[in-house]
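K.L.:
Quick one: this structure, given as structure tokens, is what I'll be asking you about.
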Amino acid sequence: MKPLKNILVLFCSLLMLAASCKKEKSKNPIDDLPPATQTGANTFGCLINGEIWKPKGGLLDRTLDLSYDPGYMGGTFNVLANRLISQGVKESITIGSYNIKSTGSYVISEDKVIIYYSNSKCTYLGSEKDNVQTGTLTISRLDLQAKIISGTFNFKLEKTGCPTIIATEGRFDLPIE
């Protein structure tokens, strides 16, 4: 009887050890965003109304695109990110500006930074009269030698008849092509 008791104790001990080692899933959605790097990792992500938003598409879909021209209008900057929700249904975020020639923080709307956001419910465009945009774009690395542009962003979009869109923890790390 003693060997059976020893086996049972050993089995229970292993079971408790396995249970205590079990990794809990992170409940913080920020942990699922791409890291805020400055290496040209070709990443983009944010939280939209608290939910993870990362580019995603089908085989032939263009999910992430950067254009930067240092010689046009003091440095034109445009990031486009698309996310395929279901067949034919996409969400898009575009952050665009001109006069971006160095690292620093730029105020959305005031510094000519505009956001274009589109989902199945509404389209928000900075130039529309009934659209209010606030937030910041921070360029943390603008390296023309290494061909890298990285930064962070946050914004709030409000439009008559549409739900408010709040983007937080936004980050991008893109190669300049």
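The values are calculated or read from the model by the stated rules, or taken from the named source; none is laboratory data. Owing to the predicted nature of the structure, the values given are computational and were not obtained by experimental measurement. A quick note on method: Cβ atoms are made from the backbone with ideal geometry, for glycine too, and the neighbour counts reach across all protein chains shown.
K.L.:
Mind counting the residues in the range 72-90 that are within 18 Å of G45 (Cα to Cα) and surrounded by fewer than 18 Cβ atoms within 10 Å (Cβ to Cβ)?
P.N.:
The number of residues fulfilling the criteria is 4.
K.L.:
I'd like to verify a number: residues in the range 110-130 that are buried (at least 16 other Cβ atoms within 10 Å of the Cβ) and either touching a Leu at 6+ places or on another chain (Cβ under 7 Å) or polar (S, T, N, Q) (or both), how many?
P.N.:
The total comes to 6.
K.L.:
Take the range 153-165 and flag every residue that is surrounded by fewer than 17 Cβ atoms within 10 Å (Cβ to Cβ), in a strand (DSSP E or B) and in contact with a Phe, Trp or Tyr (Cβ under 9 Å, 6 or more places away or on another chain).
P.N.:
The answer is E158, and nothing else.
K.L.:
Write out, first by first residue and then by second, each pair whose Cβ atoms fall under 7 Å of each other, whose residues are 6+ apart or on separate chains, and whose first residue, in the range 75-99, is closer than 21 Å to Q133 by Cβ while the second is at pLDDT 90 or above and of a type in the set (D, E).
P.N.:
Filtered contacts from the range 75-99: T76/D69; L80/D65; R83/E91.
K.L.:
Can you spot a residue in the range 118-130 that is part of a strand (DSSP E or B), within 20 Å of the chain's Cα centre (by Cα) and under 17 Å from I100 (Cα atoms)?
P.N.:
No, the range 118-130 has no match at all.
K.L.:
Check off (1) in contact (Cβ under 8 Å) with a residue 12 or more places away in the chain; (2) surrounded by fewer than 17 Cβ atoms within 10 Å (Cβ to Cβ) for D69 and give me the number that stays unchecked.
P.N.:
Going through the list (1) in contact (Cβ under 8 Å) with a residue 12 or more places away in the chain; (2) surrounded by fewer than 17 Cβ atoms within 10 Å (Cβ to Cβ), D69 breaks only (1).
K.L.:
Please enumerate the residues belonging to the range 47-78 that are closer than 15 Å to T94 by Cβ and of a type in the set (D, E, K, R).
P.N.:
Listed by number, the residues that qualify are R62, D65.
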